[in-house]
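Working notes for the structure below.
The values are calculated or read from the model by the stated rules, or taken from the named source; none is laboratory data. Not measured: the values here are computed from a predicted model. Cβ atoms come from the backbone with ideal geometry, glycine included; neighbour counts cover every protein chain shown.
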Amino acid sequence: MIKVVVAEDDFRVADLHEKFLKEIEGVEVAAKALNAEEALEAVAQHRPDLLLLDVYMPDRLGTELLHQLRDSYPELDIIMITAATEKDMINKALNYGVIDYIIKPISMDRFLHTIENYQQKKRLMNSQQTFDQQTVDQLIGREPADESELISVPKGIDQLTLKKVRQLLKENADDGITAEEASHYMGASKTTARRYLEYLISINEGVAEMRYGKVGRPERKYFYQP
């Protein structure tokens with residue numbers, strides 16, 4: 001389970017972030033903070049894996065917390081979600097190892113894509129003690145340039161995730177797989193899983209059929225198409 005602290009001074013936006021996070025299996029919101037002081041207290045109390053940090057808060061800038069957070073909690077991952085577009089702000093955040101910087105207003109797809117990608121990298125990091133170059137490339141977001149990876153994909157489709165969904169279809173070539181089953185495998189929402197499956201259909205790497213399940217209700221099953 002990935003624990004998240006949301007530091008956002010607008011409670012309506014904080015509630016929206018929490019709502020988005022509830023769409024993702026394996027993620028829980030440990031606390032919400034409305035200012036910088038509360039954010040530091042929440043991190044100290046809950047020791048989260050991930051902090052969603054705004055820049056503009058009433059008592060201090062979120063970027064002013066980065067040095068303290070890095071010194072006290074070196075394993076804490078931070079994603080900035082903010083309206084701050086100034087070069088200095090972005091440069092400081094990246095220099096302190098912020099793993100993503102999302103400019104408001106954000107879409108649900110962009111938010112879910114970021115968190116799900118983080119989940120996958122977290123699982124990969126925890127899966128072994130030593131890494132080869134290919135695995136390191138995946139961790140830093142650099143994919144090997146084979147022919148299949150050179151094909152451009154639309155916004156909201158991640159190459160690493162797409163590769164895993166494609167492999168999942170191949171492994172279930174006979175029985176097929178539903179969007180719900182794929183979501184459990186991916187650790188993602190059903191909506192996100194369906195987006196990847198439908199994308200594979202759009203590029204002629206998959207087909208879908210309506211099948212009747214055990215309770216008699218039809219369900220959409222996806223099959224790999226070589």
| remark: Log entry, pairs with first residue in region 214-226 being of a type in the set (D, E, K, R), second being part of a loop (DSSP other than H, G, I, E, B) and modelled with pLDDT under 85, beta carbons closer than 9 Å, six or more apart or on different chains, reads Glu219/Gly213
| Single match in Pro74, Pro48 (criterion: surrounded by fewer than 20 Cβ atoms within 10 Å (Cβ to Cβ), under 22 Å from the mean Cα position of the chain (by Cα) and assigned to a loop (DSSP other than H, G, I, E, B)) | Pro74
| said: Tell me the residue from Ser202, Ser183 that is loosely packed, with under 14 Cβ neighbours inside 10 Å, modelled with pLDDT of 85 or more and of a type in the set (Gly, Ala, Ser), please. | reply: Ser202
| said: Here is a check on your reading of the model: is Gly216 modelled with pLDDT under 80 and on the phi > 0 side of the Ramachandran plot? | reply: yes
| task | Tell me, yes or no, whether region 30-42 has at least one residue that is outside any strand (DSSP E or B) and within 15 Å of Tyr118 (Cβ to Cβ). | result | no
